[in-house]
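A.B. asks: Take this structure first; my questions come after.
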Amino acid sequence: MHHDELMDNAELFTDLLNSTERLEDYMKSLPDNSLGIDLTEDEEYMIASLVYLEAGSGSYELQKAIASVIFNRMIRYGMTARQVIYQPGVFSPAGRVAYTRPSAMSRMAVRDVLEDGTTLPRNVLAFQLGGYHRFGRAYCKIQGVYFTAM
């Protein structure tokens with residue numbers, strides 16, 4: 001690019017930033033959340049219940065990481081919350097989700113990840129206590145829970 005083109009682009013960008021109306025229009029065009037996932041209240045509650053069952057009284061960081069894995073799986077596989085939660089062999093406490101009342105912290109963790117984005121990269125799709133999965137690559141450990149990237 002020539003100097004004149006760079007200056008023109010800089011002026012256009014500055015105009016956009018300085019125009020409250022244009023900025024508001026741009027903000028309205030963005031999805032409701034950073035993940036681009038729309039959930040019903042029931043789906044959000046189901047995810048929070050699973051987070052609570054998986055994380056127990058673990059830290060807020062752990063709960064957000066578990067919620068991140070759930071959302072990463074939804075995005076990667078194009079599945080609904082229900083499909084991800086009840087996918088055979090993935091989440092062992094899934095059978096108790098319908099009977100579980102999530103903690104306020106679990107609900108907040110799910111809401112924060114939904115609004116702010118995942119705390120783990122999109123390729124982190126699994127976790128377990130005590131060690132990394134045999135498949136995939138070790139990513140991180142949070143309070144004894146090992147997260148695996150694929």
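The values are calculated or read from the model by the stated rules, or taken from the named source; none is laboratory data. What you are looking at is a predicted structure, and each value in this text was computed from that prediction instead of being measured. Here the Cβ positions follow ideal geometry from the backbone for every residue, glycine too, while neighbour counts run over all protein chains shown. SASA here: full protein model, heavy atoms, side chains in, ligands and nucleic acids out. Shrake-Rupley method; radii C 1.70, N 1.55, O 1.52, S 1.80 Å.
A.B. asks: Show the residue pairs that are 6+ apart or on different chains and have beta-carbon atoms under 8 Å apart, the first residue being within segment 60-88 and without any contact (Cβ under 8 Å) to a residue 60 or more places away in the chain and over 20 Å from residue 136 (Cα atoms), the second being open to solvent by 10 Å² or more (accessible area, probe 1.4 Å) and among the basic types (Lys, Arg).
C.D. replies: Going by the 8 Å Cβ cut-off, the qualifying pairs are 79/73.
A.B. asks: From the list 38, 112, which one is surrounded by fewer than 17 Cβ atoms within 10 Å (Cβ to Cβ), within 17 Å of the chain's Cα centre (by Cα) and more than 25 Å from residue 140 (Cβ to Cβ)? Reasoning before the result, please.
C.D. replies: On the way: 112 fails: more than 25 Å from residue 140 (Cβ to Cβ).
Answer to the selection: 38.
A.B. asks: Oh, and also: So for segment 81-92 (the condition being over 21 Å from residue 37 (Cβ atoms) and either among the basic types (Lys, Arg) or in contact with a strand residue (DSSP E or B) (Cβ under 6 Å, 6 or more places away or on another chain) (or both)), does at least one residue qualify? Spell out how you get there, then give the answer.
C.D. replies: Of all residues in segment 81-92, those over 21 Å from residue 37 (Cβ atoms) come to 88-89, 92.
Restricting the remaining residues to those that are either among the basic types (Lys, Arg) or in contact with a strand residue (DSSP E or B) (Cβ under 6 Å, 6 or more places away or on another chain) (or both) gives none.
No, every residue in segment 81-92 fails to be over 21 Å from residue 37 (Cβ atoms) and either among the basic types (Lys, Arg) or in contact with a strand residue (DSSP E or B) (Cβ under 6 Å, 6 or more places away or on another chain) (or both).
A.B. asks: Also, I was wondering about something else. Residue by residue through segment 131-150, note down the ones that are in contact with a Gly (Cβ under 7 Å, 6 or more places away or on another chain) and more than 11 Å from residue 62 (Cβ to Cβ).
C.D. replies: Answer for segment 131-150, where residues must be in contact with a Gly (Cβ under 7 Å, 6 or more places away or on another chain) and more than 11 Å from residue 62 (Cβ to Cβ): 146, 148, 149, 150.
A.B. asks: Does any residue of segment 129-141 turn out to be buried (at least 17 other Cβ atoms within 10 Å of the Cβ) and at pLDDT 95 or above? Let's see the steps before the verdict.
C.D. replies: Residues of segment 129-141 buried (at least 17 other Cβ atoms within 10 Å of the Cβ): 132, 139.
With at pLDDT 95 or above added as a condition, the list becomes none.
The answer is no; no qualifying residue exists.
A.B. asks: Let me ask you something else. Cβ-Cβ under 9 Å, sequence separation 6+ or interchain: first residue in segment 112-128 and of a type in the set (Gly, Ala, Ser), partner surrounded by fewer than 14 Cβ atoms within 10 Å (Cβ to Cβ) and at pLDDT below 95. Which pairs?
C.D. replies: 117/34; 126/135; 126/150
A.B. asks: Go through segment 70-82 and give me each residue that's touching a helix residue (DSSP H, G or I) at 6+ places or on another chain (Cβ under 8 Å) and in a helix (DSSP H, G or I). Can you show your working first?
C.D. replies: Initial filter on segment 70-82 (touching a helix residue (DSSP H, G or I) at 6+ places or on another chain (Cβ under 8 Å)): 70-71, 73-74, 77, 79-82.
70, 71, 73, 74, 77, 81, 82 - these are the residues of segment 70-82 that are touching a helix residue (DSSP H, G or I) at 6+ places or on another chain (Cβ under 8 Å) and in a helix (DSSP H, G or I).
A.B. asks: Here's something else I'd like to know. Given 81, 98, 104, which one is touching a Leu at 6+ places or on another chain (Cβ under 9 Å) and small (Gly, Ala, Ser)? Write out each step before concluding.
C.D. replies: Details: 98 fails: touching a Leu at 6+ places or on another chain (Cβ under 9 Å); 104 fails: touching a Leu at 6+ places or on another chain (Cβ under 9 Å).
Checking each option against the conditions leaves just 81.
A.B. asks: Test each condition in (1) buried (at least 20 other Cβ atoms within 10 Å of the Cβ); (2) hydrophobic (A, V, I, L, M, F, W, C); (3) in contact (Cβ under 8 Å) with a residue 40 or more places away in the chain for residue 105 and report the one that comes out false.
C.D. replies: (1)
Here is a yes/no grid of residues against (1) in a loop (DSSP other than H, G, I, E, B); (2) at pLDDT 95 or above; (3) surrounded by fewer than 20 Cβ atoms within 10 Å (Cβ to Cβ):
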{"site": "22", "(1), (2), (3)": "no, no, yes"}
{"site": "27", "(1), (2), (3)": "no, no, yes"}
{"site": "31", "(1), (2), (3)": "yes, no, yes"}
{"site": "34", "(1), (2), (3)": "yes, no, yes"}
{"site": "43", "(1), (2), (3)": "no, yes, yes"}
{"site": "47", "(1), (2), (3)": "no, yes, no"}
{"site": "50", "(1), (2), (3)": "no, yes, no"}
{"site": "57", "(1), (2), (3)": "yes, no, yes"}
{"site": "68", "(1), (2), (3)": "no, yes, no"}
